[in-house]
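What follows is one structure encoded as structure tokens, with my remarks underneath.
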Amino acid sequence: MSTALWLAVVASALGTLLMRVVPFLWMQRRLNSESGLNNMPQWLGILGPLMIAAVLGVSIVPVNPSVVSWIATAIGLAVTLLVWSRTRSLGWPVAAGVAGFGMVEIAALAW
Amino acid sequence: MSQLSHQAPWRCALQGVREAIPLLGGYIPVALSFGVVATQAGFSTWEATAISALVYAGASQFLFVGMIATGAPLWLVVAMTLLINVRHVVYGPNLAALLPRSRHWPWLMHGLTDQVFALALTRLPQLPEATRFSWFVGASLLAWGAWIVGTTVGATAGETLTARWPLLGEIMPFALPALFLTMVAPRFTDKRWAVAMGCTILAALCLNLVGWSNVAIPLAAACGALCFYTVTFETRRRTS
């Protein structure tokens, strides 16, 4: 890789890091300040959980979309939700969901 | 709670590592793919690994190597990479109140990806304050390490692996939607949140399907926020 290309990598890395660090430190300073701005803006608190929902929406689309993979996705999500409603944990529902999704994919391939 | 808060830092870090394991189901296949794509674009294994270690942002890395391969001007490559990563700006402020002050944040925040943010925002409020720093270190370092190792493996043997186990790359990524579903599910007990969340998920899904995956997250979240405020407005009008 040429020097110019390395510089492009470093610039992209540094810019991305700054976008992650600066707002975090700015908010921490604001929360601890004596200027009375001790609360996080309400819109920001709402945007956080919605960003997770958006990441969910993006990740729902199967790697290779097809009728089988969409059915597997629906079954996998249903299994995840079912196990979550019983355990209220993170690990088991994910394992069960992946197993459900995988079984449908493998069954479809074998059939 | 008090017992937990007095745990050794490495124990809390291990808890973070354990809880971040489901993320690997999504990270490893994508990192493998990036390794393959980067080598096909003319990058060496070492260069692909360095890009993953330094930039550490999935979608923008694919765009970076893709644009370089087509001979795009470097300033445009950097500008587009940063534009895709702009969504990270809202992640830090959401975690600011949940994490203690530390001089290590300037480099630790490098690990704040979409998935680590989602996991941290869900788990940190449930953990004792004294354990949160170590938990974040454990969770984010595991994810970063897996991303780097996945890229190296992908660049050296990615094509062989995917040819031998073609279903691996299709099944493992399902860990991500399953994990995110368990994170958003508790919010569905509240009607207002349920509508906003449902709207966001649907918008992100549709935007991704029409090929707008790079802007799907911020746009869908904005749709959900709009929905959140609109539902309140309509409820007030009905009751008055």
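What follows draws every value from the coordinates through simple rules; no lab data is involved. Computed from a predicted structure; not experimentally measured. Reconstructed Cβ throughout: ideal geometry from the backbone, glycine too, with neighbour counts over all protein chains shown.
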Check: Counting partner chain Cβ atoms within 10 Å of every residue's Cβ in B:125-136, what's the average?
Finding: 0
Item checked: Angle in degrees between helix B:191-209 and the longest Cα principal axis of chain B, rounded to the nearest 10 -> 20 degrees
Next item on the list: Calculate one ³J(HN,Hα) per residue across segment A:77-93 by plugging θ = phi - 60° into the Karplus curve 6.51 cos²θ - 1.76 cosθ + 1.60, and present them in order as whole Hz with x for glycine and proline.
Entry: 5, 5, 5, 4, 5, 5, 5, 4, 5, 8, 9, 6, 10, 9, x, 4, x
Check: Across peptide A:99-106, what mean number of C-beta atoms from other chains lies inside 10 Å of a residue's C-beta?
Finding: 3
Notebook entry, point to check: Using the count of nearby Cβ atoms within 10 Å as a rough guide to exposure, how do B:W144, A:W111 rank from fewest to most?
Noted result: A:W111, B:W144
Next item on the list: Starting from the coordinates of the alpha-carbon atoms of segment B:57-128, obtain the Kirkwood hydrodynamic radius over all distinct pairs and give the value in Å to one decimal.
Entry: 14.0 Å
Notebook entry, point to check: What FRET efficiency comes out for the pair A:A4/B:R11, r = Cβ-Cβ distance, R0 = 41 Å, nearest 0.05?
Noted result: 0.35
Notebook entry, point to check: With the Cα gyration tensor of the protein assembly as shown giving a ≥ b ≥ c as the square roots of its eigenvalues, does the rule (a/c under 1.5 for rounded; else a/b larger than b/c for prolate; else oblate) give rounded, prolate or oblate?
Noted result: rounded
Notebook entry, point to check: Which whole-percent values make up P(r) of chain B when all C-alpha to C-alpha distances are grouped in 5 Å steps starting at zero?
Noted result: 1, 6, 11, 15, 17, 17, 13, 9, 6, 3, 1, 1, 0, 0
Next item on the list: In vacuum, with every alpha carbon of segment B:45-172 counted as one equal point scatterer, what does the Debye formula give for log10 I(q)/I(0) at q = 0.11, 0.18 Å⁻¹? Two decimals, please.
Entry: -0.49, -1.08
Next item on the list: Order the peptides B:40-53, B:98-111 from the highest to the lowest mean number of other Cβ atoms within 10 Å of their residues.
Entry: B:40-53, B:98-111
Checklist line | Cβ-defined net charge surrounding B:W105, 12 Å radius [Lys, Arg +1; Asp, Glu -1] | finding: +4
Check: Mind ordering A:60-69, B:185-194, B:85-94 by average Cβ neighbours within 10 Å, highest first?
Finding: B:85-94, A:60-69, B:185-194
Margin query: How much length would be gained if the chain were fully extended between A:L109 and A:V22, taking 0.36 nm per residue of separation minus their Cα-Cα distance, in nm to one decimal?
Written below: 26.5 nm
Checklist line | Shape call, chain A: gyration tensor on alpha carbons, a/c limit 1.5 | finding: oblate
Item checked: Prolate/oblate/rounded label for segment B:122-226 (Cα gyration tensor, a/c 1.5) -> oblate
Notebook entry, point to check: Between B:L167 and B:L83, how many nm apart are label points set 7 Å from Cα along the C-beta direction?
Noted result: 4.1 nm
Checklist line | Protection proxy ranking of A:94-102, B:155-163 - average other beta-carbon atoms within 10 Å, highest first | finding: A:94-102, B:155-163
Checklist line | Nitroxide proxy distance, nm - points 7 Å out along Cα→Cβ at B:L98 and B:R187 | finding: 1.2 nm
